[in-house]
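Notes follow once the structure below has been shown.
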Amino acid sequence: MSAAQVPRRTVFRDVEVAGEHTDVLVRDGRVVAVGRTRRGDADEVIDGAGGALLPGLHDHHLHLLAMAAASRSVECGPGAVRGLRELRAALRQHDGQGWVRGVGYHESVAGTLDRHVVDRLCADRPVRIQHRSGALWMLNSLALQRVSSVLDASADVERDAAGEPTGRLWRYDGRLRAALSDDPPELGVVGRALVRAGITGVTDATPDLDPTAVAILAAARADGALPQRLTLLGADLGAGTGFTVGPRKLLLRDHDLPDYDRLAATVAAAHLSGRPVAVHCVTRVSLLLTLAVLAEVGTRPGDRIEHAAVVPAGVAQRISDLGLRVVTQPGFLRARGDDYLREVDPDDLAHLYPHAGLLCAGVPVALSSDAPHGPLDPWANMRAAVDRSTRTGHVLGVTERVDARTALAGYLCAPDDPGGPARTVTPGARADLCLLEEPLAIALDKLDSALVRGVMIEGRWHDARR
């Protein structure tokens, strides 16, 4: 359906809004009235059957092109394969004749991978396997040959004693993309998954989007494959059609942190250009470095911390005093919590992905998925914020639990105000809406994406059940 075909007037009949059963009239992509309507007021009527009508959810941190690629990749994580034998079978069963792309790998599957190990798994096709952190690619020898034109002498290319690449490439997504001949990403799959989750807008936090990648995303927005509103955090983004430019993403590589002066200069330059910064911090060292820099350079409204995976005692107040906000991912507690129990410094376990403590200190907190590195489902992520349980039932940071309504609010804040007030269904609001099968009280008790009937984005209805 083209924009010209979108019904000018839509009525949501018998929906729950702010605890009341009512109708909602939408015209030209805006909510124009909340209250009982006449039959002739609309070109399209959607019977809500008493279900809650919410503002559409916004995922404040994910990676769309990686999600599209992951949808046709081999799952190599501990939940899918165990040991080299199962990993070998999964890679060799991948359809096609070209590249084999694996995702989600963790050392608990089969230890450290380099090109020699991956050669033993599959040597007759180019193979690249992404670590579940998203920070590392592990290539076999044939794959290294195919991308040799983009290998450089930086520390991002691990080398052996003889100076030969080991096949382990750190933070190499953008450079690999330039050397690969993969088919264009299928963003329609991603758009439909987001609709089923109740998501009407996303913030892509990929730091190294090149002009080609930006054009692919803008084209997917234009043709409807990706109907969600789109905010980009990448560097060097000019104004473009189909997306909004957010803060500049600064990726702190934990294996190769920038020195203080270099980070300070980068932050200052972003601020001078008129953009806040969104700084990737998944360790206490990277967080403390970032806070020290911002304390000296100064902050700008909209500056934010991505992940805040470890926030030591007392540091939440420093974040608040600097006027920063946090975009976090409680879903990792469920997806990876049992690994954290084995691998994370015991001193950090109580401080992983904090939530209630940040709010108590006055820090605005928004929720997100970091998909495909974390679970996309916002309702499952809300459950993780509420119970903070690992898959085996261990609780990580019981004092950091929040209630379901607070967790939902972390997805309802505006894309340019993460952690700010939840958007509301009121006259004048954008018609970016999420319709549930049940009233809000039941939905908050269940926190289940199966309750999503569909979403409206810019006045157009998308049925989650199709």
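The values are calculated or read from the model by the stated rules, or taken from the named source; none is laboratory data. Keep in mind the model is a prediction, meaning the values are calculated, not measured. Here the Cβ positions follow ideal geometry from the backbone for every residue, glycine too, while neighbour counts run over all protein chains shown. Heads up: the accessible areas ignore ligands, DNA and RNA and are worked out on the full protein's heavy atoms, side chains in. Shrake-Rupley method; radii C 1.70, N 1.55, O 1.52, S 1.80 Å.
See the values below:
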| read-out | value |
| --- | --- |
| Qualifying strands (runs of 3 or more DSSP E) (wholly inside segment 175-257; at least 3 residues being more than 20 Å from Gly274 (Cα to Cα)) | 199-204 |
| Boolean, Arg304 is more than 19 Å from Arg388 (Cα to Cα) and at pLDDT 95 or above | yes |
| Given (1) in contact (Cβ under 8 Å) with a residue 24 or more places away in the chain; (2) open to solvent by 50 Å² or more (accessible area, probe 1.4 Å), number of the condition Gly459 does not satisfy | (2) |
| Qualifying residue in segment 111-120 (condition: within 27 Å of the chain's Cα centre (by Cα) and part of a strand (DSSP E or B)) | no |
| Filtered residues of segment 52-68 (kept if open to solvent by less than 10 Å² (accessible area, probe 1.4 Å) and aliphatic (A, V, I, L, M)) | Ala52, Leu53, Leu57, Leu62, Leu64, Ala68 |
| Candidates Ala49, Ala90, Ala33 - the one that is touching a strand residue (DSSP E or B) at 6+ places or on another chain (Cβ under 9 Å), open to solvent by 20 Å² or more (accessible area, probe 1.4 Å) and assigned to a helix (DSSP H, G or I) | Ala90 |
| Flag for Leu352 being open to solvent by less than 10 Å² (accessible area, probe 1.4 Å) and within 27 Å of Val267 (Cα to Cα) | yes |
| Residues located in segment 179-205, provided they are open to solvent by 20 Å² or more (accessible area, probe 1.4 Å), of a type outside the set (A, V, I, L, M, F, W, C) and either in contact with a Gly (Cβ under 7 Å, 6 or more places away or on another chain) or at pLDDT below 90 (or both) | Ser181, Asp182, Asp183, Pro184, Pro185, Glu186 |
| Residue count, segment 294-303 (criterion: closer than 13 Å to Ala270 by Cα and either aliphatic (A, V, I, L, M) or outside any loop (DSSP other than H, G, I, E, B) (or both)) | 2 |
| Within segment 329-422, helices (runs of 4 or more DSSP H) holding 1 or more residues that are more than 15 Å from the chain's Cα centre (by Cα) and within 25 Å of Ala69 (Cα to Cα) | 331-343 |
| Residue check, Leu376 open to solvent by 50 Å² or more (accessible area, probe 1.4 Å), aliphatic (A, V, I, L, M) and out of contact with any His (no Cβ under 6 Å at 6 or more places or on another chain) | no |
